[in-house]
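K.L.:
Here it is, the structure, as structure tokens.
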Amino acid sequence: MRRAILLLAPSFTVLIGIFAIPVLLLFVVSFWSVKTFRLQPDFSFAAWQRFFTVYGDLTLYTLAVGLAVGLFCTLLGFVFAYAARFKAGRFGDLLLVATLITLFGGYLVKIYAWKSILGADGLLNQALMGIGLTDQPLAFLIYSRGAVIIALVHFLLPFAILPIYAALRNVSETTIEAARDLGASASQVLTRVIVPQCLSGLFSAFAFCFLLAAGDYVTPMLLGGTSGSMLGQFVLLEFSTNFNWPAGSAMSFGLLFVCLLVIGALAAMGSRLMRRSPGAAS
Amino acid sequence: MTSQYTPLLKLSGLSKSFGAARAVEPLDLAVQAGDFCAILGPSGCGKSTLLRMIAGFIEPSSGSIAIEGRDVTRLGPEKRPTNMVFQSYGLFPHLTVAENVGFGLALQKKSKDEVSQRTEEALRLVRLEAFGQRMIDRLSGGQQQRVALARALIMRPKILLLDEPLAALDLKLRHQMQEELRRIHHEIGGTFIFVTHDQSEAFALANLVAVMNQGRVEQIGSPSDVYLSPATLFVADFVGETSLLAGERRQGRVTLKAGPHFVSAGRDGPVRAIVRPERVALKSDGVPAVVTDAVFFGASLKVSLRLPSDETLILRSSEADAAARYRIGDKLTVGWEDQQVIDAGPG
């Protein structure tokens, strides 16, 4: 017990010292006020009010992008992990290594790659004009919600594949054979045997991708244009250009709370789902 | 074996190759309703492949499988009237015991009442009625085995397939489960086919034994047939602790290297005499032998004897004073009542 405490002490000190305390302080700042570019200790809800009135819609929209990215990533990640686990035979692990390697490619590199694919004189538009489908570049390809979602899904997909694959590794083939032997069709095997056994992996995949996407501000800045902007960009704006720390803080925590709410609701749904059985109850 | 009635299960010319490797040579097998059939053989002999072909998990390379006269060769496992107890059980870890057992019926969209009633029945059959609400990881190996059995039996399969069902259990539990399996087979009057590498298990359970070696069925028959009149050298060697003594047949007379000779009709050439350990006894005018090992098994004493031909002969004695009679290094003379003679290839 003593040894456990000793071993945990360094990491706890670091976590509490440079994460928990600053975060707490930042939360306190959201109730402060700013006068002529100076932070004033205060107890005011002005920043929170500003968050709800000015940024309410943008928060919902940011959540929607996060949910969409989380959903796409989880779905595509499951398909990939399923194929790697059950269909690729001994190449399964190789596919996983390939997934890991894509993580080494930088985040910004990927965004710029999408810029050069979706841009006005990008690959896609050039190709479309080349085969004569359009006579001028399609403007909606880049600087839109779609572009942001595509780039985020592309960047976050490995984060979905890995936990799902890990969960699928623990699904034994014998349970699948047993289900077939008991009369389960391919889709019943999927919904009643495989998915229930990897729910925790699906959940972590979704939570990871959703949180990272909802908190992102670089992708919408570079690919979102005006129609694809997200809350994170404005948090940055409040902290830097506007020097309105209380507002930035309230927005950060507002988004954090809403995201945690979504994750919490999902976790509750998941554990309800786990308890639900495919029929028999005696 | 031959019957004018259609057998419950009929395999005709069934074989399986994986690439160039033949896992199962073409074989024929007929199993009648009510049979308890053992497929016996060493590991890698193709017995599990054969069972999985019957279940529908492996598509045969040639031949056909018919159940009650209906060809099921191309049907998947979900469409066959067979159910399987897997060696590693394959229980669903996310479901309770009762949900595991009721899984197949729930898929058939049976009413909740029927599912729960039949689940209870099945659990009672395997004596797990108190465990319905447990999760699988809260069960011992023997209990998991019973759940797997109940989950298959609840489907009322025409044929229950068991893949090395008792291999993962310790000896005592294995004997207990053998008894349970016999009781259940008797109680429901079903047809069971199981795969095992353990000849005592095959003999303890089955009324029909198919001995396999290197993808080939070497002999099909009742346990006593297989034990007392093995069709091949392999069967003789694999089934029970037999001694194989080399000899030569000339004009209807076999002379063993160890000395004894006796009348035996057949082709001239090298032969092997199969001698069962329980048939060997001390005999004043018998073959000289030296005791090289004696192992006490409780009910009997197993004695290894070196013959003049440098061959080993095994003797089993259940006499009370056996341990005093056979001591390592003792020189004595032994004889045996009768032997089975099998033609052996040269060498």
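K.L.:
Is any helix in chain A, taking whole DSSP H runs, at least 20 angstrom long along its axis by alpha carbon and on average at least -0.5 on the Kyte-Doolittle scale, and which ones? Working shown, then result.
P.N.:
On the way: long enough: A:46-82 (49 Å, 1.30); A:145-169 (34 Å, 1.72); A:199-214 (22 Å, 2.13); A:245-275 (45 Å, 1.39).
Helices passing the filter in chain A: A:46-82, A:145-169, A:199-214, A:245-275.
K.L.:
Could you work out the mean count of beta carbons from other protein chains within 10 Å of each residue's beta carbon in A:185-197?
P.N.:
Across the residues of A:185-197, the mean count of other-chain Cβ atoms within 10 Å is 2.
K.L.:
Can you give the Rg and Dmax of the stretch A:106-260 based on its C-alpha atoms, in angstrom?
P.N.:
When restricted to Cα atoms, the stretch A:106-260 yields Rg and Dmax of 21.1, 66 Å.
K.L.:
Relative to the compact-globule scaling 2.2 N^0.38 Å, provide the ratio for the alpha-carbon radius of gyration of the protein assembly as shown. Walk me through the numbers before you get to the answer.
P.N.:
Values: Rg = 36.4 Å, N = 629, 2.2 N^0.38 = 25.5 Å.
Rg over 2.2 N^0.38 Å, computed on Cα atoms: 1.43.
K.L.:
With N residues in chain A, what two-decimal value do you get for its Cα radius of gyration over 2.2 N^0.38 Å?
P.N.:
Here the answer is 1.23, to two decimals.
K.L.:
Let me know the Kirkwood hydrodynamic radius for chain B, please, with Cα pairs as the basis and the value in Å to one decimal.
P.N.:
Working: mean 1/r = 0.0441 Å⁻¹.
This gives a value of 22.7 Å.
K.L.:
Mean separation of Cα pairs under 8 Å and 6+ residues apart, divided by the residue count of the stretch A:58-274: what relative contact order is that in percent?
P.N.:
It rounds to 29 percent for the stretch A:58-274.
K.L.:
Where the centre of each part is set by its Cα atoms, how far does the stretch B:1-76 sit from the stretch A:1-76, in angstrom?
P.N.:
The distance from the Cα centre of the stretch B:1-76 to that of the stretch A:1-76 comes to 65 Å.
K.L.:
Still on this model: Students often get this wrong, so check it: of A:87/B:16; B:79/B:110; A:87/B:47; B:10/B:47; B:112/B:172; B:10/B:112, which have C-alpha atoms separated by over 28 Å?
P.N.:
B:112/B:172; B:10/B:112
K.L.:
Right, here's the next one. Can you bin the stretch B:221-294 into rounded, prolate or oblate? Criterion: square roots of the alpha carbon gyration tensor eigenvalues sorted a ≥ b ≥ c, rounded for a/c under 1.5, prolate for a/b above b/c, oblate for the rest.
P.N.:
Judged from the Cα gyration tensor, the stretch B:221-294 comes out oblate (a/c at least 1.5, b/c at or above a/b).
K.L.:
Moving on to the next point. Does anyone have the angle between helix B:141-153 and the longest principal axis of chain B? Alpha-carbon axes, 0 to 90°, nearest 10?
P.N.:
It is inclined by approximately 60 degrees.
K.L.:
Hey, got the dipole for chain B? About the Cα centre, +1 on K and R Cβ, -1 on D and E Cβ, debye to the nearest 20?
P.N.:
Here chain B has a charge dipole of around 500 debye.
K.L.:
To continue, here is another question. What number, rounded to the nearest 500 deg cm²/dmol, is the helix-based mean residue ellipticity at 222 nm of chain B, given -39500 (n - 2.57) per DSSP H run of at least four residues and division by all its residues?
P.N.:
Calculated from helices alone, the mean residue ellipticity at 222 nm is -7500 deg cm²/dmol.
K.L.:
Next question. Taking a label point 7 Å from the Cα of residue A:57 along the Cα→Cβ vector, which residues of the stretch A:217-260 have an amide N closer than 15 Å to it?
P.N.:
A:226-231
K.L.:
So how tilted is helix B:171-188 from the main axis of chain B? Cα-based, degrees 0 to 90, rounded to 10.
P.N.:
60
K.L.:
Averaged over B:109-121, how many beta carbons belonging to a partner chain fall within 10 Å of each residue's beta carbon?
P.N.:
Details: counts 1, 2, 1, 4, 1, 0, 4, 4, 1, 2, 4, 1, 0.
Other-chain Cβ atoms within 10 Å of each residue's Cβ, averaged: 2.
K.L.:
Ok, one more. So for B:136, B:159, fewest C-beta neighbours within 10 Å to most, what's the order? Don't skip to the end; give the middle numbers.
P.N.:
Details: B:136 19, B:159 23.
So the residues, fewest neighbours to most, are B:136, B:159.
K.L.:
Compute, for the protein assembly as shown, the length of the dipole vector about the Cα centre, with Cβ point charges of +1 (Lys, Arg) and -1 (Asp, Glu) only. Units Debye, rounded to 20.
P.N.:
820
K.L.:
How much mean residue ellipticity at 222 nm does chain A get from its helices, if each DSSP H run of length 4 or more adds -39500 (n - 2.57) and you divide by all residues, to the nearest 500 deg cm²/dmol?
P.N.:
Values: 12 runs with 187 residues, N = 282.
Mean residue ellipticity at 222 nm (helix-derived): -22000 deg cm²/dmol.
K.L.:
Please name which of B:76, B:62, B:94 has its Cα lying farthest along the dipole of the stretch B:47-116 towards the positive end, using unit charges on Cβ (Lys, Arg +1; Asp, Glu -1) and the Cα centre as origin.
P.N.:
In the stretch B:47-116, that residue is B:62.
K.L.:
Next question. Taking each residue in B:79-88, count the Cβ atoms of any other chain within 10 Å of its Cβ, then average. What number comes out? Don't jump to the answer; show the numbers that get you there.
P.N.:
On the way: counts 3, 2, 0, 1, 4, 6, 2, 7, 1, 5.
Counting other chains' Cβ atoms within 10 Å and averaging over B:79-88 gives 3.
Values quoted throughout were computed directly from the atomic coordinates according to the rules given, and no laboratory measurement underlies them. Everything numeric in this text was worked out from a predicted model, so none of it was measured. Cβ atoms come from the backbone with ideal geometry, glycine included; neighbour counts cover every protein chain shown.
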